[in-house]
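Q: One structure follows; several queries about it will come next.
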Amino acid sequence: MLENFEIAKILREISEYLEMQSVPFKPQAYSRAASGIEEIDTPLADIYKSGGLKALENIPGIGVSIAEKIEELLKTGHSQYYEELKKQTPVDLSSLTSVEGIGPKSIKKLYEKLNIRNLADLEEAIREGKIRKLSGFGVKSEENILKSIEFLKQGGQRFVLGFVYPQIEVIVGRLKKIKGVEKISVAGSSRRMKETIGDLDILIVSENSGPVMDFFVTMPEVRQVLAHGETKSMVRLKNGMDADLRVVPKKSFGAALNYFTGSKEHNVALREIAIKKGHKLNEYGLFKKIPNANENWTQMAGETEEEIYQALGMDYIEPEMRENLGEIELAKKHQLPKLIGYGDLKGDLQIQTNWTDGAHSIEEMALAAQKIGLEYIAITDHTKSLAMTGGADEKKLLRQMAEIDKLNKKFDGQFKILKSAEVNILKDGSLDINDKVLAKLDIAAAAVHSNFNMPREKMTKRICRAMENPNIDLIFHPTGRVLLKRPAYELDIDEVIRVAKKTGTCLEIDAFPDRLDLKDIYAKKAIGAGVKLAIDSDAHSVNHLQYLRFGIAQARRAWAAKKDIINSYSWPEMLKLLKR
DNA sequence: GCCGTTTTCGGCCCGACTGTTTTCAGTCG
């Protein structure tokens, strides 16, 4: 049975094929349907089973025709319509569209003129100088395509943590329930909450590993079994990610967890400390020599990580900090910062609604935020120069403010909606909303959404000029990167941090999984300079609020304490921290 | 192909940028 993401992917490809043929309006319809499907947590198969075609049509963006195509996909695993389209242009759409600057029309031309079907074909054609001869392409296009392919290659087979996290939780949750599984934990970069991960490592303690392993290799997510043993199994999942499961003895669980969590650099440093003390640290435990017994070791610690760190003479180090960037020295001196916790946020300062490109109303977003325990949100719809989103002009912003006043009355102090905006920073650093209206907002944020290819100095000046505006409290996603897709624009981050400090402007950690912007090391720099940060979901729908977790993780990787994050304060206290 | 506190038919996010062109197609957000 096809899963939601697989069906969404097919609909999205249909949209791109229709785009190739310049079919009007249908591409957007298919693309919207795909987005609608990505928004829902219930499997389409279940929706269809319980309510048939009618239930499918209730999903936003899905009508009679697309519902029938989903029905066909669920029943047969195929779509005639999709396959007809694919036959006309049999190319690897998802990889080709991931090249920056290449869209459906170019893909069609490249296939028809040069028989290019995938990235390898494309790269070869460029090396042979064939692309520049096509009308509409030139030397510059070749250079840009090549640059983008190189960037994609560097990403390799990595996955954005936040996007695969739900699947990880399902797998771990299921394993946890198996009889005889005493302990379970993810390890590796997923436990350190790195922004992207290469594979998934899971450790368990169980007296009887056979049935656990059997279960693991036959999970519905598994595409291929790479190894299936008593203590270790490896599978490749349908999404292309590898997952390893190891069974370890109870007395070694902490040591194994420490070893497989890494980072490698952190582990090497720990092992050196052990050696200096005359001990030995490996994935089975921390051992000391038995006097007078040649090469005989006895275990000092290993069942938990805490006892290992303690035995090495230091405080427990949170996984997010284990990069050997000074955390070990602090742990020895008992001076580790108390990191902001996963439940410490009281508000969310970047929320999009259906006033622009969000999926839900202001009230729906507020209720969803309240449900996950937040006390306030700021509504930050796009502004007018971002035309594609229906960005707000001054008039529309004022209308929205009135609407928010009404809603706040309705919430009657139980929840607070703050008036804000994601104001667009124009090419010269000026803003597309006038100061008079900006001053009326509770909090205003600014961000760059266009002209990414500016020289470093110009881009730095542009952002700094926005920060000099007394009405701008916060800069959203300050470096503009999109993980595995687009690098950050050229920017002097030290200068941006300096001006942020000088002007009292806050910087954001955008928690959206493929942004995580500022990234950990920049956020750490900002905190070090005394700049306050905000952790925001950048939610475009109620489901996105859960992404806050990944922003908090990034902040923890940046050694942030609660006091460094403005939205860990109640809203009246938070407003007092702003420069306005 | 979808959708309706402007509509069950007639609209659909649209302006800027890039690199190719000599006035514009394609892509992006």
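The values are calculated or read from the model by the stated rules, or taken from the named source; none is laboratory data. Since the model is a prediction, treat every value here as computed from it, not as a measurement. Cβ atoms come from the backbone with ideal geometry, glycine included; neighbour counts cover every protein chain shown.
Q: Looking at (1) crowded, with 21+ Cβ neighbours inside 10 Å; (2) without any contact (Cβ under 8 Å) to a residue 60 or more places away in the chain, find the lone condition where A:H360 falls short.
A: Here A:H360 clears every test but (2).
Q: Quick one: in the stretch A:109-121, which of the residues that are away from DNA strand B (no atom under 12 Å from the Cβ) and of a type in the set (A, V, I, L, M, F, W, C) is surrounded by the most Cβ atoms within 10 Å (Cβ to Cβ)?
A: Only one residue tops the list, namely A:I116.
Q: For A:V170, indicate whether it is more than 31 Å from the chain's Cα centre (by Cα) and exposed (fewer than 15 other Cβ atoms within 10 Å of the Cβ).
A: Values: more than 31 Å from the chain's Cα centre (by Cα): no; exposed (fewer than 15 other Cβ atoms within 10 Å of the Cβ): yes.
Considered against the rule, which asks whether it is more than 31 Å from the chain's Cα centre (by Cα) and exposed (fewer than 15 other Cβ atoms within 10 Å of the Cβ), A:V170 comes out as no.
Q: If you take the residues of the stretch A:450-477 that are within 14 Å of DNA strand B (Cβ to nearest atom) and surrounded by 20 or more Cβ atoms within 10 Å (Cβ to Cβ), which of them is farthest from A:R515 (Cα to Cα)?
A: Among them, the one singled out is A:R462.
Q: What's the number of the condition A:K264 fails, among (1) more than 25 Å from A:M193 (Cα to Cα); (2) surrounded by fewer than 15 Cβ atoms within 10 Å (Cβ to Cβ); (3) not acidic (D, E)?
A: Unmet for A:K264, out of (1) more than 25 Å from A:M193 (Cα to Cα); (2) surrounded by fewer than 15 Cβ atoms within 10 Å (Cβ to Cβ); (3) not acidic (D, E): (1).
Q: State all residues of the stretch A:433-449 that are closer than 18 Å to A:I509 by Cα and within 16 Å of DNA strand B (Cβ to nearest atom); if no residue qualifies, say none.
A: Across the stretch A:433-449, the qualifying residues are A:A445, A:A446, A:A447, A:V448, A:H449.
Q: Ok, one more. What's the total number of residues in the stretch A:38-79 that are hydroxyl-bearing (S, T, Y) and more than 16 Å from DNA strand B (Cβ to nearest atom)? Walk me through it before giving the result.
A: The initial filter retains those residues of the stretch A:38-79 that are hydroxyl-bearing (S, T, Y), namely A:42, A:48, A:50, A:65, A:76, A:79.
Next cut, more than 16 Å from DNA strand B (Cβ to nearest atom) only: A:42, A:50, A:76.
Adding up the residues that qualify gives 3.
Q: Of all residues in the stretch A:123-136 being within 11 Å of DNA strand B (Cβ to nearest atom) and assigned to a helix (DSSP H, G or I), which is nearest to the chain's Cα centre (by Cα)? Before the answer, list the steps.
A: Taking the stretch A:123-136 and keeping what is within 11 Å of DNA strand B (Cβ to nearest atom), we get A:131-136.
After this cut, where a residue has to be assigned to a helix (DSSP H, G or I) as well, the list is A:131-133.
On the way: A:I131: 34, A:R132: 36, A:K133: 39 Å.
Checked the stretch A:123-136; the qualifying residue nearest to the chain's Cα centre (by Cα) is A:I131.
Table: residues versus (1) hydrophobic (A, V, I, L, M, F, W, C); (2) outside any helix (DSSP H, G or I).
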site	(1), (2)
A:F151	yes, no
A:F163	yes, no
A:P166	no, no
A:V172	yes, no
A:K179	no, yes
A:K183	no, yes
A:V186	yes, yes
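Q: Any idea which residue in the stretch A:481-523 is nearest to A:A466 (Cα to Cα), counting only those that are among the acidic types (D, E) and buried (at least 22 other Cβ atoms within 10 Å of the Cβ)?
A: Result: A:E508.
Q: Determine whether the stretch A:150-167 contains at least one residue that is free of Cβ contacts under 8 Å to residues at least 60 places away in the same chain, hydrophobic (A, V, I, L, M, F, W, C), within 15 Å of DNA strand B (Cβ to nearest atom) and within 15 Å of A:S95 (Cβ to Cβ).
A: First, the residues of the stretch A:150-167 that are free of Cβ contacts under 8 Å to residues at least 60 places away in the same chain: A:150, A:153-154, A:156, A:166.
Going one step further and asking which of them are hydrophobic (A, V, I, L, M, F, W, C), we end up with none.
Checked against the condition, which is being free of Cβ contacts under 8 Å to residues at least 60 places away in the same chain, hydrophobic (A, V, I, L, M, F, W, C), within 15 Å of DNA strand B (Cβ to nearest atom) and within 15 Å of A:S95 (Cβ to Cβ), the stretch A:150-167 yields no hits at all.
Q: Still on this structure, please answer the following. Exactly one condition in (1) more than 22 Å from A:S420 (Cβ to Cβ); (2) at pLDDT 95 or above is false for A:K532; which is it?
A: Result: A:K532 fails condition (1) only.
Q: Further, regarding this structure: Taking the stretch A:210-240, which residues are part of a helix (DSSP H, G or I), of a type outside the set (D, E) and without any contact (Cβ under 8 Å) to a residue 24 or more places away in the chain?
A: Going through the stretch A:210-240, the residues part of a helix (DSSP H, G or I) turn out to be A:210-217.
Imposing the further condition that a residue be of a type outside the set (D, E) reduces the set to A:210-213, A:215-217.
A:G210, A:V217, listed by residue number.
Residues checked against (1) part of a helix (DSSP H, G or I); (2) among the hydrophobic types (A, V, I, L, M, F, W, C):
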site	(1), (2)
A:L507	no, yes
A:P513	no, no
A:G530	no, no
A:R549	yes, no
A:W559	no, yes
A:N567	yes, no
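Q: Let me ask something else. For A:N118, which of the numbered conditions (1) more than 20 Å from the chain's Cα centre (by Cα); (2) touching a residue at least 40 places away in the same chain (Cβ under 8 Å) fails to hold?
A: For A:N118, the failing item is (2).
Q: So for the stretch A:90-108 (the condition being more than 14 Å from DNA strand B (Cβ to nearest atom) and more than 26 Å from A:Q546 (Cα to Cα)), does at least one residue qualify?
A: yes
Q: Counting only residues that are within 7 Å of DNA strand B (Cβ to nearest atom) and under 27 Å from the mean Cα position of the chain (by Cα), which one in the stretch A:21-35 is surrounded by the fewest Cβ atoms within 10 Å (Cβ to Cβ)?
A: Residue satisfying both the conditions and the ranking: A:Q28.
Q: If a residue has to be within 12 Å of DNA strand B (Cβ to nearest atom) and modelled with pLDDT under 90 to count, how many in the stretch A:3-20 make the cut?
A: 0
Q: Right, another one. Scanning the stretch A:312-357 for residues that are away from DNA strand B (no atom under 16 Å from the Cβ) and polar (S, T, N, Q), which turns out surrounded by the most Cβ atoms within 10 Å (Cβ to Cβ)?
A: Across the stretch A:312-357, the extreme among qualifying residues is A:N324.
Q: Take A:G413 and decide whether it is surrounded by fewer than 20 Cβ atoms within 10 Å (Cβ to Cβ) and closer than 19 Å to A:H540 by Cβ.
A: no
Q: Being over 20 Å from A:K525 (Cα atoms) and under 26 Å from the mean Cα position of the chain (by Cα) is the filter here; which residues of the stretch A:448-465 pass it?
A: Passing the criteria: A:V448, A:H449, A:S450, A:N451, A:F452, A:N453, A:M454.
Q: Let me ask another. Which residues, taken from the stretch A:358-375, are in a loop (DSSP other than H, G, I, E, B) and within 16 Å of DNA strand B (Cβ to nearest atom)?
A: Once the filter is applied, which keeps residues that are in a loop (DSSP other than H, G, I, E, B) and within 16 Å of DNA strand B (Cβ to nearest atom), the stretch A:358-375 yields A:G358, A:A359, A:H360, A:S361.
Q: For the condition touching a Pro at 6+ places or on another chain (Cβ under 8 Å) and either at pLDDT 95 or above or not basic (K, R) (or both), what is the one hit in A:A331, A:A359, A:A368? Working first, answer last.
A: Details: A:A331 fails: touching a Pro at 6+ places or on another chain (Cβ under 8 Å); A:A368 fails: touching a Pro at 6+ places or on another chain (Cβ under 8 Å).
Within the list A:A331, A:A359, A:A368, the selection yields A:A359.
Q: Further question: Looking only at the stretch A:376-386, decide whether some residue is without any contact (Cβ under 8 Å) to a residue 60 or more places away in the chain, more than 13 Å from DNA strand B (Cβ to nearest atom) and either outside any helix (DSSP H, G or I) or of a type in the set (V, I, T) (or both).
A: Yes, the stretch A:376-386 contains a residue that is without any contact (Cβ under 8 Å) to a residue 60 or more places away in the chain, more than 13 Å from DNA strand B (Cβ to nearest atom) and either outside any helix (DSSP H, G or I) or of a type in the set (V, I, T) (or both).
Q: For the stretch A:529-574: of the residues being out of contact with any Cys (no Cβ under 8 Å at 6 or more places or on another chain) and without any contact (Cβ under 8 Å) to a residue 40 or more places away in the chain, which is nearest to A:G343 (Cα to Cα)?
A: A:K563
Q: Kindly provide the set of residues from the stretch A:524-563 that are surrounded by fewer than 22 Cβ atoms within 10 Å (Cβ to Cβ), in contact with a strand residue (DSSP E or B) (Cβ under 9 Å, 6 or more places away or on another chain) and within 21 Å of A:L325 (Cα to Cα), ordered by number.
A: Once the filter is applied, which keeps residues that are surrounded by fewer than 22 Cβ atoms within 10 Å (Cβ to Cβ), in contact with a strand residue (DSSP E or B) (Cβ under 9 Å, 6 or more places away or on another chain) and within 21 Å of A:L325 (Cα to Cα), the stretch A:524-563 yields A:A561, A:K562.
Q: Another question, if that's okay. Which pairs have Cβ atoms under 8 Å, sit 6 or more apart or on different chains, and link a residue in the stretch A:60-78 that is closer than 14 Å to A:I47 by Cα to one that is more than 8 Å from DNA strand B (Cβ to nearest atom) and charged (D, E, K, R)?
A: Between residues of the stretch A:60-78 that are closer than 14 Å to A:I47 by Cα and residues that are more than 8 Å from DNA strand B (Cβ to nearest atom) and charged (D, E, K, R), the close pairs are A:P60/A:E39.
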